[in-house]
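Readers should treat all values here as calculations from the given coordinates under stated rules, not as data from a laboratory. Quick caveat, the model's predicted, so the values are computed rather than measured. Cβ placement follows ideal geometry from the backbone for every residue including glycine, while neighbour counts extend to all protein chains displayed.
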Ligand code: NAD
């Protein structure tokens, strides 16, 4: 073995292993609340932060309700133990409306705020000033480049993507996104953390959509184009993918579930990055539906109508 290889191994051996015991989660919406729940349920101290007290109260109530569903299944034979699990989990969650306060003792910060690059950069610029040097920063962005968000800080080595899936308590996958600047120790720490909260991590590079959305978004857009060309009805395309490919939802049902506005935002951003890529071509029909306020299930109408 060469001397440089030995030096490398010795250095790696000496490097202290980073572990996450306490964390701050910025943004307590669908994703932030879900991440807080699974982290707190596995014994991590969580500070959950949002812009207003009533939003945080709603998030806490949502977590409590979600935990009751977990307990109903997991502790069906021992309700007392189930109640204890809920009490202990909720006791691990503190809330604040001050991001600077949320991060003062955090080993890890997970950001789950609005999907807007400038807003995320602004937040991390502030957090960078108040978080200790040891604190790892992670973004739960679905579509923005991790490198561009990390560039707003001075800790590129301690910055990565940690992409959870909705609903977080149910979905097992976490994409751990290694940007070019992410250190090996930080990457390993995030892989360990993902396992510690009961998830299955996969490793991704910082490329548009990482793994899942890089395949899923072009698939959904191609389904819209198939329908626009008149090659099949949306109902038949949905049935085809459910019965022929074994997918739990058809692409139009999935588009409505994810939100047409979100899908448009993602594809427009990627199209801007790679205008020549036919897989990132925007869709006229999708644009029209979004302009008409038909954003899917959440607005009562998208490709389908909902009561
Ligand atoms: P959401 O709208 O449900 O929640 C966002 C929360 O962030 C809101 O409560 C809002 O008040 C809060 N917020 C906004 N700006 C803030 C700030 N500066 N400081 C503190 N809080 C702030 O959104 P979501 O669906 O939870 O998505 C959050 C992030 O997760 C986005 O980047 C999104 O792309 C990503 N994501 C979403 C999904 C999904 O299916 N919804 C899946 C994976 C990743």
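So if R0 is 35 Å, what FRET efficiency would residue 151 and residue 249 give, r being the distance between their Cβ atoms, rounded to the nearest 0.05?
In this case the efficiency is close to 0.45.
At what distance in angstrom do the alpha carbon centres of segment 159-201 and segment 34-108 lie from each other?
One Cα centre to the other: 19 Å.
Taking neighbour Cβ counts within 10 Å as the exposure measure, how do 172, 195 sort from fewest upward?
Lowest to highest Cβ neighbour count: 172, 195.
Largest first and in whole Å, what are the equivalent-ellipsoid semi-axes of segment 185-307 based on the Cα gyration tensor, each being the root of 5 times an eigenvalue?
Each semi-axis is the square root of five times an eigenvalue, giving 29, 18, 15 Å.
Rounded to the nearest 5, what % of DSSP beta bridges with both residues in the chain are antiparallel?
Approximately 20 percent, going by the DSSP bridge assignments.
Grab the DSSP H runs of the chain that are 4 residues or longer, score each as -39,500 (n - 2.57), total them, divide by all residues and round the 222 nm result to the nearest 500 deg cm²/dmol.
Helices in the chain give a 222 nm mean residue ellipticity of -15500 deg cm²/dmol.
So which residue, out of 166, 277, 92, gets the largest mean-square fluctuation from a GNM of the chain using Cα contacts under 10 Å as springs?
Most flexible of the set in this elastic network: 277.
Once both labels are modelled 7 Å past Cα along the beta-carbon direction, what's the residue 81-residue 42 spacing in nm?
Spacing of the two 7 Å Cα→Cβ label points: 2.0 nm.
Exposure proxy check: 294, 21, 65 ranked by fewest other beta carbons within 10 Å?
Taking fewest neighbouring Cβ atoms as first place, the list is 65, 21, 294.
Between residue 291 and residue 19, 0.36 nm times their residue separation minus their Cα-Cα distance comes to what?
93.3 nm
Just order 205-214, 43-52 by mean Cβ neighbour count inside 10 Å, highest at the front, would you?
By packing density, highest mean first, the sequence is 43-52, 205-214.
Set the Förster distance to 35 Å, then compute FRET efficiency between residue 100 and residue 184 from the Cβ-Cβ distance, nearest 0.05.
0.75
Just round it to a whole percent: the fraction of Cα-Cα distances in the chain exceeding 37 Å.
Across the chain, Cα pairs with separations above 37 Å total 22 percent.
Please state the shape class of segment 123-246: rounded when a/c is under 1.5, otherwise prolate if a/b exceeds b/c and oblate if not, all from the C-alpha gyration tensor.
prolate
At a 10 Å Cβ-Cβ cut-off, how would you order 96, 203, fewest neighbours first?
Listed from fewest to most nearby Cβ atoms, that is 203, 96.
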